[in-house]
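What follows is a single structure, written as structure tokens, with notes after it.
No value in this document is a laboratory result; all are computed from the given coordinates. Predicted model, so just to flag it, every value in this text is computed and none were measured. Every residue, glycine as well, gets a Cβ built from its backbone with ideal geometry; the counts of neighbours run over all protein chains shown.
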Amino acid sequence: MGLRSFFKRFFSGIFKKKKELKLGFYGPPNAGKTSLANRICKDFTGEEIGTVSKIPHETRKVQFKEKVEIEYKGKKMTFKIVDTPGIATKIDYEDFLKFRLNKKEAKERAKEATQGVVEAIKWLDDMDLVVVVLDATQNPYNQVNITIIGNLVARKIPVLIVANKIDLRKANVKKIEAAFPEYKVVGISARFGKNMDEFYEEIFKLAKKV
């Protein structure tokens, strides 16, 4: 092998794009992170990533699926989909009692949920890009959302904000756009697969920044 071809191969190896990008789903509890991750994984692998329920903090551990190849408009990209527990600044076991959990179950769930938040924040250091999933029927101006965005800004991680649940009458995507004007916001319904084309388009755009 000549010296020129050696250097060509050496430098192309260094600057080659990552084969698999780590795509994290972050947001408050019950915003629809797992629903969205499930839809993507189901569409492209035929398998879901986790369980969804109306009880907050159903996802209490980071769960992921490797080598999810997403195809959009003839282009393909491979992602490691990382679904994280809902971020909350306060988790009270009493919040779970209204969902017919007994006191012991509620306390255990609150403990696991707290550990899940810590784990989710730790995983941020490993993310290439992040989708922040917000409930479009809820007020986006709160401490949790600002904390999540602040953590991402500090780490200089590319961000896409998803305003989920646009199938519901109370959904207000414009309010989320106004709250975070410096970010692209895509309104979707993870449950019904509404507006997923725009979502995939923005993900591919974001991936180019990595």
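Quick one: in the chain, what % of C-alpha pairs are over 24 Å apart? Working shown, then result.
Values: 9570 of 21945 pairs.
The answer is 44 percent, as a whole percent.
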Review point. What is the percent of Cα-Cα separations in the range 47-126 that go past 23 Å?
Key: 34
Exercise for review: For the pairs LYS33/LYS208; LYS76/LYS175; LYS73/LYS170; LYS42/LYS73, note any where the Cα-Cα span goes beyond 26 Å.
Suggested key: LYS76/LYS175; LYS73/LYS170
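For the chain, what is the mean residue ellipticity at 222 nm derived from helices alone (per DSSP H run of n ≥ 4: -39500 (n - 2.57); sum divided by total residues; nearest 500 deg cm²/dmol)?
-12000 deg cm²/dmol
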Point to revise | Max mean-square fluctuation residue, GNM over the chain, Cα-Cα springs under 10 Å, options ASN151, ASN142, ASN30 | key: ASN142
Check your understanding: Along the range 151-162, what does the Karplus equation 6.51 cos²θ - 1.76 cosθ + 1.60 (θ = phi - 60°) give for ³J(HN,Hα), rounded to whole Hz, x for Gly and Pro?
Key -> 5, 6, 4, 4, 9, 6, 8, x, 10, 10, 9, 10
Check your understanding: If you count the DSSP beta bridges with both ends in the range 18-207, what percent of them are antiparallel, to the nearest 5?
Key -> 35
Point to revise | Within the chain: Cβ-based charge dipole about Cα centre, in debye rounded to nearest 20 (Lys, Arg +1; Asp, Glu -1) | key: 540
Practice item. Enumerate the amide H contacts of LYS184 below 5 Å, restricted to partners 5 or more residues apart or on another chain; note that Pro and chain-start residues carry no placed amide H. Key: ILE161
Practice item. Would you look at the GNM of the chain, springs on alpha carbons closer than 10 Å, and say which of GLY150, GLY27, GLY193 moves the most? Key: GLY150
Review point. What residue among ASN102, PRO28, GLY150 has its Cα farthest toward the positive end of the dipole of the chain, where the charges are +1 on Lys, Arg and -1 on Asp, Glu, each on the Cβ?
Key: GLY150
Practice item. For the range 142-149, take each phi angle, set θ = phi - 60°, evaluate the Karplus expression 6.51 cos²θ - 1.76 cosθ + 1.60, and give the result in whole Hz per residue in order, putting x for glycine and proline. Key: 9, 4, 4, 4, 5, 5, 4, 4
Point to revise | Within a Gaussian network of the chain (alpha carbon springs, distance under 10 Å), most fluctuating of ALA178, ALA113, ALA190 | key: ALA178
Exercise for review: Arrange TYR200, TYR26, TYR183 by Cβ neighbour counts within 10 Å, fewest through most, would you?
Suggested key: TYR183, TYR200, TYR26
